[in-house]
Structure formats: C-alpha cells, structure tokens
Amino acid sequence: MQPGDAASISEQLPRRRRRLGLALVGLGVLALAAQAWLEWLLPYDLAALEALRRLSGLPTLTPAQLVWAWALLCALLLWGLARARAASLLETQGLAVLCGLALGSAHGTAGGPAASSAVLLLVGVASLGWQALREGGLTLLAATAVAVAAWDAALSNFPTLWLAALVLGLMFVWIDRMHIRANDRRLFSALAERDALITRLDQRGEQLTALQGARTRLLASISHDLRQPLQAVRLFAEALQARSEPGDTQAEQRRTDLLRQQMRAADDAVAMLDQFSEFSAIEQGALQSHPQWVDVRDVLDGVAASLQATHPREQLSLTVHGARQWLHTDRTQLARLVQNLAGNAVRYSLGARPGERARVVLAVRPHSFGSGERGRAQGLAIDIVDNGRGIPADKLEAIFEPYVQLEAGSAGASRGGRGLGLAIVRGLAAQLGLQLAPVRSRVGHGTRFRVLVPADQRRAEPVQTEADGGPDTVPGEDPARLDGWLLALLDDEAGPRAALQAALEGVGATLVSAATLAQLQAALDAEPRFPDALVFDLDLGAGQPDGLAAVAALREAWELNLPAVIVTGRIAAMGTVPLPPRCTVLAKPVPLVTLVATLRRMAPGEAA
C-alpha cells in the first residue's frame, strides 16, 4: 500500500485525529489542574470536596492535591489510549471506558459541575472524526457523559447535568455522522478516483513506453532494411547493363528474371515507407474517406494484376472469383485494405510448400447477416484465401497488433513490411465501416481472411459512375496498353517525369510533358486535339499551384471535364485531399499496370 493512496489515508486519518483529540483533552485537563496554583477561575463546589474527604477518610485533603491526582490519572489513561492499537478492539474499548470514567469524575475532583461541563464539551469536540468503534472515540464520549451525569446525581442536591450530558452527547454524535464522516466519504471518493486515474495513467505510460521501445527498435532497423532492397535494385540495374550476344535466348530470359526481381526489390522498399506513413495517419486520426460507388470485382482484379506482375506464374497463381458487386466506399482505401491482405497472403505462401506453387484466391460474393427470413440482410463478403503455412491459433489475434510480424519461414517469402500491414487493415476497416471476420487458419494448410460489408453500403445493381463510360476495353484491344492515347504529364522533377514518360510511352501512349503548368499549356496548344487524360504530380514546387489546382485550371480553360490521375509521395494526403469529379489519387511509385488500369477505368473509349 502506498503512503498517499486513498486506502492508506482512510486508515491513517482517524488515528491521527485520535492522537490530536486526546492531546487536546490532555491540555484541557492540565489547564483545569493549573487552577490550583492560581485562584480558581471556574466556580468551585466545596460540598463535593467535603464529601470526598469523608469518603476517603482524609480530612486534610486539599483541592490542589485532589485535582493534580485526578490530572495525573487522566494523563496516564489518555497516553495509553493514544498508543492503543486500533486492531485490538478490547484494549481500545477498555481504555476508552476508563478514560471516560476518569474524565467524568471532574465534578468531584476538579471543582464541581462547571468543571464537568467543560470536560464534557472538550471530550465531545476532541472525539469528532474518530468515533468509529475501533478507534474508541464514541466510547470515550459515552463513558464521559455517563460519569458526568452519575457524579452530578451523587453529589448535587438538584442534579441537572444528565440532560446536558444527553443532549451534548447526541449533538456531537450527529455532527460526526452527518458532517465529518460525510466529508470524509467525499474526500476518500475523490482520492480513490485520483488513484484510479493515476493507475490508468501509469498503465498507459507503460503501454506508451513499450510502444516507444518497439518503435525505437523499428527505426534502428529501417536504415538496414531499406538499404537491402535499394542495393538490390542498383545491382539488378547494373546486371542488366551487361552486354549479351544477339539471339542469346538464355541472356534474354535472364534479363527478364532480373527485371522482375528488380521490381520486387523496389516494391519491398516502397511498401515499407507506405506502411509507416499510412499507419501514422491512422493513429493520428488524420485519414479521411471520400465514398463513391466502387466495383469490388474491379478492385480485386487490379490488386491481383499488380501482385501477379512481380511474380512468375510458375511460382504464384493468383485468381479472382465473383461477379461485379457495387459498394459505396472510398476506392483508394478499399484497394489498400485488399492489397495488404493479398500481399500478406502472397508473402507467406511463396515457398511454403516445396515443389508446389503458391496459390492465392481473391473472391467477392453476397453474404447474409442475421437469421430468419425477415432478418437476413444481403451484404458482401470479400475473401482472401491462400495455401500458405498457416497461422498458429495463439497468434490469430496478435497479428493485428502493430509491429507484430510472424517469421517468414521460407527463403522465397518477401519481406516488404515491418508488421504494420494487418494493423493498417484493422484501421482501414474501422474507417470504412467494414467488419473483419475471425481469421480461419490451419498450420500447414493455409489461411482465410474475410472482410464483411454491411448491406447498407452495397448496391446489387450495376452503377454508372462518372468514371464509368462503358466497358473497360474495346474488343480485340490489349487492356495492358494505351495505344492511341494522348496524355498530359505534369511533374516539376525531371527524373521522375522522364521515367514515367518512358513507361507510358512503352505501353503505346503519346506524352506531352512539362515541368510547369504554363509550359504544359503552351505544349498542348500545338496539339491537334485535347489529351485523353491528365497525369499530374500533386506537389509542383514552391510558388506553383498544386496538381489539383492545375487540373481545375485546365478544365476551366478548355471547358472540358477531362479525367485526371494525381500521383503523390505524401501517402497521408491520399485520404485527406478533397477530389473533384473524375479524379483519383495514386501513391508514388505507382505500378505501371495500376496506372494503366486506372486510366482505362476513368476514361474508357476516350482514346482516339
């Protein structure tokens, strides 16, 4: 027990009051006895003195001798009661009775009824705050009142103190019960609330300390973990520069494999940064959603395509099942949620079964909530199933905590995170009003994650959105290419602009690019037609309008609502920036397959 907590104070306070009250009574007794050295200040009853002389057989007994003997006896008994242990009830009550009887004898030993009344008042005041049974205050007051009334009845011709003793005793008991103890209860209640608050703060402090320790260890490993994939990217690029003989099919295959590994290494580095930024935004409550009608099957197809692009089909089979289902939600955040679950499934399935390729299935289907004919509401269930190594039963809840990461367990597993992916999934599900069903997993067989969509967010019939102008592709057209498209590219940094231009030109698009809005407008004025879509960076440098403002300026100048894709390296901004119609935000570095799919979804049939 701590010396300052409520329980300790509730025990110590009555003891301290008892010692203080008995000290006050002791001083009062000494003050009455000191009257023998001076002229008696209170009226002295000589009849009582004569009666005591006759009873004691001491005709020469003086008032000073009598009062000092009484004072010495009272002082000894008061000292004993002050030192009595509250736990010893018999000792405390016995000493309280003896003290009360001795103090109440003041009528005969200290000068008469005036001294008795003074002693009774003094004991009543001194007993306030420690009248509990185990402290002895009430017993002391009652014994004193009885002794005062008894001595008055024995030595007075007209006894009246019994009524005063009764009234004063009841009055002091009422004051103790209604005021002192009531105030004590309020005090102890406030102290208990304070102690509970301190305990909660201590627990939260311990949690924050543990979390800070985990983050400190995490940050200490960031430098090494990021250098690994970046070093791999550089080495793969240098290997690709090596010359090969014309017609060397093995060298060409080797180049293809190196390119795929380079993409995976870059994805691993980017995934780490994305998770840090996204988890920070969720923790701070800075994430905002911009709901729209979203084709869930389209989201699953995009996630599957981006993951399959970095893994050969001999190692990974990624399939999507389910019809088109429409959901009113934030498309970017839903895609991120599915991406984290699917990426996690891929990571822990690769190499889990030697000689067998990893299999991951993404599926969407109707799901019934409630029971009974009238209580069944048709929502959606989004399933991510893998044939990986499974999750132990005792880890099924812990995996959603931040910085918790299961061992990869195989050389083929990609790292790509620091134990934040599923914590982000939980935060995004809460943000979007979705529900995570209990994880089902068998060690050695695989795992199923399920996201439940409430019925009020689902629409069974297809929805024609602003981004939906028809089918995704023209019959006979390659959905991975942008042949015939004219794109306007705006980015103030030359390196990223050149890389994105080369990538888009590699899939058949024609690019008009510039570093500023004025340069882009001048270049587009020389074109015979308007661009099919805009691809703008969000941050365009100091003193320049941002990408959204540039989109608005071009749309206003041309009086044409062109589709626009905003790319940004500020992940937190993706959930907070308000977007105009026919505009979406993608995080840097955006996979080319994702960018192409997004452009096709936003502006199908617009290409010349």
Q: Enter the accessible area of I391 (Å², nearest 10), with the probe set to 1.4 Å and all protein chains included.
A: 20 Å²
(Q) Rounded to whole Å, give me the distance from the Cα center of region 17-90 to that of region 534-548. (A) 95 Å
Q. Measuring from centroid to centroid over Cα atoms, what is the spacing of region 93-145 and region 488-527 in Å?
A. 100 Å
Q | Cα convex hull of region 66-192, projected area averaged across orientations, nm² | A | 8.0 nm²
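If you count, for each residue, the other Cβ atoms within 10 Å and average over each peptide, how do 524-533, 88-97 line up from highest to lowest? Walk me through the intermediate numbers first.
On the way: 524-533: 14.2, 88-97: 17.2.
Ranking the peptides 524-533, 88-97 by packing returns 88-97, 524-533.
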(Q) Relative contact order for region 13-157: what percent, with Cα pairs under 8 Å and sequence separation of 6 or more? (A) 32 percent
Q: Kindly sort M602, M171 by accessible area of their heavy atoms, largest first, with the probe set to 1.4 Å.
A: M171, M602
Q | Percentage, to the nearest whole number, of Cα pairs in region 279-347 over 15 Å apart | A | 59 percent
Q: Could you tell me which of rounded, prolate or oblate describes region 486-602, using a ≥ b ≥ c as the square roots of the eigenvalues of the alpha-carbon gyration tensor, with rounded for a/c under 1.5 and, failing that, prolate when a/b is larger than b/c and oblate otherwise?
A: rounded
(Q) Please report the accessible area of W151 (heavy atoms, 1.4 Å probe, ligands and nucleic acids excluded) in Å², nearest 10. (A) 80 Å²
**Q.** Largest-first ordering by accessible area, 1.4 Å probe, given options I180, I382
**A.** I180, I382
Q. Using a 1.4 angstrom probe with every protein chain in place, what is the largest-first accessible-area order of D152, D202?
A. D202, D152
Q.
If you average the C-alpha positions of region 158-216 and of region 293-364 separately, how far apart do those two centres end up, in angstrom?
A. 60 Å
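The values are calculated or read from the model by the stated rules, or taken from the named source; none is laboratory data. From a predicted model like this one, the values you see are computed outputs, not experimental measurements. As a convention, Cβ positions derive from the backbone with ideal geometry for all residues, glycine included, and neighbour counts pool all protein chains shown. Ligands, DNA and RNA are excluded from the accessible area calculation, which covers all protein heavy atoms including side chains. Shrake-Rupley method; radii C 1.70, N 1.55, O 1.52, S 1.80 Å.
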